[in-house]
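A.B. asks: I'd like to ask you about the structure that follows.
What follows is calculated from the coordinates using simple rules that are stated; it is not laboratory data. All figures in this text were calculated on a predicted structure; none of them were measured in a lab. Here the Cβ is made from the backbone with ideal geometry for all residues, glycine too, and neighbour counts use every protein chain on show.
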Amino acid sequence: MLPANAVRRLLVSLVCPFLWPVTAAVASPDVVVFRHGEQETRVEVEALRERADVHFTFFDPYMAEEVAITGLVFRDLLVEQFGAVPERLAFTAWDDYAVTLGGWDDPNWILVTHHDGDPIGLRERGPLRLVERDYGDRDRANLRNFNDWVWMIRGIEARR
């Protein structure tokens with residue numbers, strides 16, 4: 001008879017190869033998940049990249065340099081996905097960061113898909129991230145002024 005640890009290892013080695021394709025399809029940086037109540041919509045990141053029609057250059061306070069950004073007006077995407085701009089959104093990120101924030105009914109928020117002409121991936125804090133096109137008179141040297149920027153977006157849930 002095998003020890004309990006050996007049995008567990010054997011079961012995991014037999015079952016995991018069959019589960020991997022299922023979990024990979026469910027959790028992939030190629031898809032962002034929008035949730036509203038019980039409704040869940042999966043949107044291909046590539047489809048968002050193809051629709052990206054906002055282009056501008058600005059100073060990225062985290063990179064401390066001017067960068068060319070391409071993306072979508074986030075407010076418009078929220079209306080498309082939820083029918084209106086929710087009061088609050090709960091974000092989950094690929095690094096397990098989670099935050100709930102409000103104030104999204106503003107066309108200044110851009111869902112970034114490209115940086116300096118290239119699609120962003122997880123290594124570039126993607127595949128999607130939120131930035132403000134114009135951050136007004138905030139001190140760009142004080143990173144606390146940009147706490148509401150969200151990186152590595154994996155899921156967005158409408159909240160009240």
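A.B. asks: May I ask you to order 29-36, 148-155 by the average number of other C-beta atoms within 10 Å around their residues, highest value first?
C.D. replies: Ranked from most to least packed, the peptides come out as 148-155, 29-36.
A.B. asks: Looking at the square roots a ≥ b ≥ c of the eigenvalues of the Cα gyration tensor of segment 66-160, which shape do they give, rounded for a/c under 1.5, prolate if a/b is larger than b/c, or oblate?
C.D. replies: rounded
A.B. asks: How large is ³J(HN,Hα) for each residue in segment 33-50, as worked out from phi by the Karplus curve 6.51 cos²θ - 1.76 cosθ + 1.60 (θ = phi - 60°), to whole Hz, x for Gly and Pro?
C.D. replies: Working through the residues one at a time gives 9, 9, 10, 9, x, 8, 7, 10, 10, 9, 10, 5, 4, 4, 5, 5, 4, 5 Hz.
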